[in-house]
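Notes to accompany the following structure.
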Amino acid sequence: MSAILSAQDLNDFIGPGLACINPVVVNKSDNAGHTEIRIDATGNPVEVSLDGDANAAPQTTSLTPAQINLSDCLACSGCVTSAESVLISLQSHTELLSVLRAARAKSGGEVDVEMSDATTTTATTEHKKLFAVSISHQSRASLAAAFNIPVAAVDAKLATLFKDILGFQYMVGTGVGRQISLTYSAREVLVNSGRMSKASGATDTDVVDFSSMRISDDDSEKSATKSNTQKKPIISSACPGWICYVEKTHPHIIPHLSAIKSPQQITGSLLKRLIARENPGICESEIYHVSVMPCFDKKLEASRKDFASCENVKDVDCVITTKEVVQLLLDENIDFMGIKETPAEEMLGTLKSMAPGEWPVEQSWESNEGSSSGGYLHHVLSSIAQHAQKTENRQSSVKAVPGKNSDMVEYHLLDTSTGEVIAKAAQVYGFRNIQNLVRKLKLPGKGNARAVVSRRRATTAAVATMNPAEYDYIEVMACPGGCINGGGQIGAPAESGSSEKDWRETVEAAYRTIASAAVDDDGVAGWVDRVWAGPAEAESVERLVETGYRAVEGFDANVMPAVLVGDKW
C-alpha cells in the first residue's frame, strides 16, 4: 500500500465490513500436531512444530503472507468505497516506474529514470512496448493549485515529464472520452424518457439501443444484463466508488444505473485502438496506458474484467492519482517547477505530436460546462432542452433548487412561457446524501410521502425534496464536492493555512480556467462511428460506450450489510 494513502486523508470514508466473499487461503502443513506461528530472524512468518524432541531444534515450515489485490476487493460484500483503504497491487506509481525500467532494460536503453538536470532527456524510447498517458482535467487543476501556476503551465511541464523524462510516446487529455460519455448519456436519458425513439424518426445511427447490455462475468459463463426498460431516474455511473457501493450493498439501484462508460474507460479503449492502428506490428496488448485521475477508486474501475477486450487487454493498465504524480516526482528527485516548459506558441504542435493522428487534440484538453465532476447533469438537461425546442418549439430555462446542504441540489427545466416543468434532475454528492437517496429509491412510497410533507413546510423558499420518482437524471458522486475533491487530489499546503473548503474553492477556480466548449452531440457521434467502427472494422459502438453492472455474488438482501460509518465525512 502506498505510503501516501491513509484513512485520515479521506472525507468520504466508510469503514470496511466483515463479510468478505473471498476467504484468505491458508496453506497448512501436513503436521497435525501442536504448532504455532512465529516470525523468524529475517521477518518472515513460519509455522513451528511444538511436538518434537525438546532438546532438538523445532521443525519449521515457511508460510506465504496473505495478500489482498483489486480482484479480492471487488469480490467483497462488506467493504464499501472508499477503495483507498485497500492494499492495491499493480496500480501505483512504483509499479509504473518498474514497468518503464523493465521495458528500457529489454530494449537496451536507460534503466534509471532519475533526472539531474530538468532540461536533459534521460529516457530511451526505442522499445517495443509503447507508453501512453491520459490526464484528467481535475488532476491538472489540482497540480496548478498546488504549485500556484496556471493550468497551461502544468500541461507544458507534464508534456516534458512524460515525453522527455519518462519516455512516453503518447499523452492526451480526457476531454474526448468525456464528450463521448456525455453525448451517449444524454441520448440514453432521451430514449429512456420516451422523448427520442426510432419511431419518432431517429435513424439507427442517431439512437443507441440500450435495452440489452451484456458483459462477461469474471471467470464464469454468467453474464450481467440490463433490463429491457431502465427505471426512472437514470443515475450516473462515472463514479466507481458509487458503483462499488451499489453493487455490494444496494443491488436494487442497479436497474437505474447509466449504461455508459466513464471518460477514463472510453479514452482507454479509443487510445489503444488508434495507437495500434497507426503502428503496424504493434498490438493493443503492447500498449501500456496510464491514467492520471483525482480518485483512488478509479483504480478499481480500471481493474474490472468488464473493461477488457476478448483478448484480455485492459483499457487502462495503471491508474495513478494526482498525489501519486507528486510522490513519483519526489521519489525520482524531479523538481516539477524546474521542468522545462514547451513554449506556449509550440504547445499545440507538441500535443499533436503526442496524440494519435486521428485524435481531436484541442477537444482533448478542453473542458465543458457544468459541474467539475464532468458536467453530466448540465449536459443531460441541455440536451432535453434542445430536443424540446427542436420537436415542440418550447423555450426553456433552468431553475436551481437548493437542498439541505450544498451537495444536494435539484434542477428544474421550465417552459419559459407556461412555467411547466419539462424535466427534473438532481446533483447528489457525498454519502450522507447518497444514503438518503438509496433509501427513497428502495421505499418510493415513503419517500414520496416525505416529499409531500417537505413541500407543505417550504412556505418561504423552495427546497429540494429528493423525490427520485420525479427525476429524469441524477448526477451522483461519492466525494463531497465531487471529483474536484477526490481522495487522490493534492491537499492544501501546510503553510497556506487554507481550510478544506477554501482549498476546494481554490482548486475549483483553477479548473474553471480550463478552456470550455459546448459538446456537439451529432459531431461526436459521427466521429465515433467513423473512427471506431469504420469500414475496415465493422464493429458496433457498444464495445466503446456501453457496460453493465451486477450485484456481488453472495449478497443477501435480508442481512444488514456489514458497514461501519467512519468518523470523518
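Just so you know, all these numbers are worked out from the coordinates, no wet-lab data involved. This one's a predicted model, so the numbers in the text were calculated from it and none came from an experiment. With ideal geometry, Cβ positions are generated from the backbone for all residues, glycine too; neighbour counts draw on all protein chains shown.
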Of the listed pairs 163/314; 261/305; 129/157; 129/323, those with alpha carbons more than 18 Å apart are 163/314; 129/157; 129/323
Over the Cα atoms of region 131-179 the radius of gyration and the largest Cα-Cα distance (Dmax), both in Å, equal 10.9, 30
In region 246-324, the GluC sites (Glu not before Pro) that sit in a DSSP loop and have at most 10 other Cβ atoms within 10 Å of their own Cβ are 311
Distance in nm between residue 48 and residue 97 label points, each 7 Å along Cα→Cβ, equals 3.7 nm
